[in-house]
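Student: Handing you this structure, nothing more for now.
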Amino acid sequence: MTDTMPPPPNVDPHALVEIAPGVHVIRDRRVPLVPNIGIVVGEEAALVVDTGMGPENGRKVLDVARRLAQGKRLILTLTHFHPEHGFGAQVFKGEAAILYNAAQRDEFAAKGQAYLGMFRTFGPGVAAALEGTELVMPDEVYDGASTTIDLGGRRVELSTYGLAHTRGDQVVSVPDAGVLFAGDLAEERIFPIFPWFPPDDADLDAANWATVLAALEARKPKIVVPGHGSPGGPEVLAAVRRYILDLKSRVAAEVKAGKTADAIVASLAPKIRAEHPDWDAPEWVDFAIRYFSATA
Ligand SMILES: [Zn+2]
């Protein structure tokens, strides 16, 4: 029993790396349900990107951010509303200006409580991390596709692209450093996360997801920080885009041949897993196949 138990989803403040001058990442260490967390420091303010899951993780991230910011004001934003990315925001309330895009705020308001309940069933480690979680709303939202934040001597751009991995995915880019925080639009050596949970949550658009990835690749970022996995270059984005497009066409062919979703999962999922022997989280393959079966 214990040998199959995943490690607790704890942020490790010692996994801090400076990937570009003043651009820091608390690495996920490839621990399930721990995201890569960004802290971008300017001359006047520091931006935190994601909090980890639950107040204890959020507290650790806030402590690191305060240390790096050295008294400068703090701003918090999230790549998207999923619990491991944003359900530590409560400790930032009153300590940082919390800024989301409007779609993310709305999605969080609509689904936050249900996701809290769902994640609490994911085992004792996750339940412990979520202990005492309070869902807090942002202080500010922006409408439209993007906004720019001036951190003092450094500008950071927040962009959103409509329904993809979620309704309100947000990419954070630091143009002067060529860094792009992709959230769960990109996972590195991890099967792309398809949160396809119909009828409870069917907000997923893989075609747009692939389109967004192509647009982000065209920006030629030097460093891509995925939601989960190791930072790399634009190839991190390309790998996810190719996976999406390849799986979409293979599932479509099977659907056309009259196969059911169950039959496609049974025949295709083992092949897909075998083609990526070094990718983690193989359970997401089935979700992706079921998504493409339902939408073919
Ligand atoms: Zn996610």
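Student: Could you give me the residue pairs with C-beta distances under 6 Å whose first residue belongs to segment 223-236 and is over 7 Å from E187 (Cβ atoms), whose second residue is part of a strand (DSSP E or B) and of a type in the set (F, W, Y) wherever it lies, and which are 6+ apart or on separate chains?
Tutor: The qualifying pairs are V225/F181.
Student: Tell me which residues, restricted to segment 22-66, are assigned to a loop (DSSP other than H, G, I, E, B) and touching a Leu at 6+ places or on another chain (Cβ under 8 Å).
Tutor: Residues satisfying the conditions are R27, G42, E43, E44, D50, T51, M53.
Student: Right, here's the next one. The conditions are (1) in a strand (DSSP E or B); (2) surrounded by fewer than 24 Cβ atoms within 10 Å (Cβ to Cβ); (3) of a type outside the set (D, E); (4) within 14 Å of the ligand (Cβ to nearest atom), and A186 fails exactly one of them. Which is it?
Tutor: Result: A186 passes all but (2).
Student: Sort through G153, G162 and tell me the only one that's in a loop (DSSP other than H, G, I, E, B), of a type outside the set (A, V, I, L, M) and either within 12 Å of the ligand (Cβ to nearest atom) or more than 27 Å from V41 (Cβ to Cβ) (or both).
Tutor: G162
Student: Anything in segment 209-234 that is within 16 Å of the chain's Cα centre (by Cα) and in a helix (DSSP H, G or I)? List them, or say none.
Tutor: Hits for segment 209-234 are W209, A210, V212, L213, L216.
Student: Turning to a different aspect of this structure: How many of the residues in segment 217-257 are out of contact with any strand residue (DSSP E or B) (no Cβ under 6 Å at 6 or more places or on another chain), of a type in the set (A, V, I, L, M) and more than 16 Å from the ligand (Cβ to nearest atom)?
Tutor: Residues in segment 217-257 being out of contact with any strand residue (DSSP E or B) (no Cβ under 6 Å at 6 or more places or on another chain), of a type in the set (A, V, I, L, M) and more than 16 Å from the ligand (Cβ to nearest atom): 10 in total.
Student: From A238, A253, grab the single residue that is out of contact with any Gly (no Cβ under 7 Å at 6 or more places or on another chain), modelled with pLDDT of 95 or more and under 27 Å from D28 (Cβ atoms).
Tutor: Unique residue meeting the criteria: A238.
Student: If I ask for residues that are buried (at least 24 other Cβ atoms within 10 Å of the Cβ) and either within 14 Å of the ligand (Cβ to nearest atom) or touching a residue at least 60 places away in the same chain (Cβ under 8 Å) (or both), which ones from segment 89-103 would you list?
Tutor: Y100, N101
Student: Follow-up question, since we're still on this one. Looking at (1) over 20 Å from F119 (Cα atoms); (2) within 15 Å of the ligand (Cβ to nearest atom); (3) in contact with a helix residue (DSSP H, G or I) (Cβ under 7 Å, 6 or more places away or on another chain), which is the one condition that is false for F181?
Tutor: The number of the failed condition is (3).
The values are calculated or read from the model by the stated rules, or taken from the named source; none is laboratory data. Not measured: the values here are computed from a predicted model. Every residue, glycine as well, gets a Cβ built from its backbone with ideal geometry; the counts of neighbours run over all protein chains shown.
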